[in-house]
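Computed from the coordinates by the stated procedures, all read-outs in this text should not be read as laboratory data. These figures come from a predicted structure and were not determined experimentally. Neighbour counts run over all protein chains shown; Cβ positions are idealised from the backbone, glycine included.
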Amino acid sequence: MLRRSRIKCIHMKTHTRFFLPLVLSSLAFVACSSATESDEPSENPGEAISPIIGGTASDASQNSVVLLTHTTSQTSTSYSYDSCTGILLAPKLVLTAHHCVAPADSSVSCYSDGTPAGGGNVGASYSPSTLYVHTGQTMPANPTTSYNARGAQVLTDGSTNLCNHDIALIVLDTAITNMPISPVRLDSDVKVGESVTAVGWGLTSQGASSLPSVRQERTGLTVLAVGPGSMPPNEFELGESVCSGDSGGPAFSAANAVLGVVSRGGACQGSSARQIYTKLSPFKSLILSGYQLAGAQPWYENNSNPNLSSPDAGTPSTPPASSGTPAVDLQQLCVDTINGYRATRGLPALARWTSAESCVTKAASTDIAKNIPHSTFPECLGGGGGTQSECTGWPMPIDQSITKCLAQMWAGGSAAMTSSKYTKVACGYAASADEKTYWATQDFQ
């Protein structure tokens, strides 16, 4: 069972109500309202319920957790939408489940090696503009009108099945600057026995009568199993915790970092309940590409937030106006950016070719001095086959504009970045004499 909820709201003359067929085909009725209709209560008013089994109200400190809706239809008298949960990783970046941003089978079964056993097929992503993000602790009256941002771009790893791959990112059209963002765990695995917190907007049980009026959380949950082994390598398992509508919601570590997102589960309640999350760490390249496209740097677990003047603020601090040598690893930034784009097409990540970096840096210096692109190619390939791409005359600072150059290359269909025959890449940089511009060279082999 997938943990997404589907809502249909029909406006009537004296009252309104949701008609909610869940993925499990259960029904619920919830009151809703419209500014153009009467405020009389419906015949079956919704009641506030805990969406996470055994949950309590989630306070403002967890406002990085957002409500995500996808409009399926809208007329002057009614609207329909799917409901999920998401997490703000940056003011313009939301993390969620793949099945929250694309049509998918309503059930999925996976073998322990991560291959599909049945169902779980997922189609092309929805139009980003039909994905709405709602912040705060309370349910909006009309999610198709009272939203904080919409999608501008959807990122997945290109998988056509949810098994072992139920994760996605949404780059937003508008920065959400008045809400906290969450750090992530990308460099280490989830651990069996680890204590986590679940937060989300889902139902309290299969028989619940409404979506919640207030976002909920449940603390002190224990990780029961982690793949690989008895379950897919990219997944981990909790017991009784989440239910329909919590899809895409986070499991937070003790350090409040996101470990994974809700994918699916069986029964919501009882000792036999088992809920499956997709880990973040296996999708590091995809997530880093999202940060790049959103104009932010990743905030790693147990580190300070590199983007913000305050870890609890939503407004990025102003980067230095000029510096040709920022305090970041420019070669690694180049490799991570390229791999982030490759991940969106399911292409394997390229290794950082460190032994060639000094040669490629020298090549960039020669090219900028001569003002001739590729003037020394293929000198750094050592007699092996390969190719080269180059950013020429881009403005300082390098760390801010190299990602824009690589984005332009990717959008232009760069054969080097999109090829499956290369396994490694070396990046080099050279500044102009006046230190106002630079050239960046990338050798692929």
field: For region 323-382 and region 411-444, distance of Cα centres in Å
entry: 4 Å
- request: Express the C-alpha Rg of region 319-444 as a ratio against the empirical globular expectation 2.2 N^0.38 Å, rounded to two decimals.
  value: 0.99
message: Going by Cα centres, region 283-300 and region 138-206 are how many Å apart?
response: 14 Å
- request: Would you calculate the separation in nanometres between label points at Gln269 and Lys421, each defined as 7 Å from the Cα along the Cα-to-beta-carbon direction?
  value: 6.0 nm
field: Coordinate range along principal axes, alpha carbons of region 122-243, Å, largest first
entry: 44, 34, 30
message: Under the 0.36 nm per residue contour assumption, what length would be gained going from the current alpha-carbon distance of Ala141 and Thr75 to full extension?
response: 22.1 nm
task: Could you sort 415-421, 274-280 so that the peptide with the highest average Cβ count within 10 Å comes first and the rest follow in order?
output: 274-280, 415-421
field: Stretchable slack from Ser195 to Ala152, in nm (0.36 nm times residue separation minus alpha-carbon distance)
entry: 12.0 nm
- line: Expressed as a whole-number percentage, the relative contact order of region 319-444 with C-alpha contacts under 8 angstrom and at least six residues apart is 37 percent
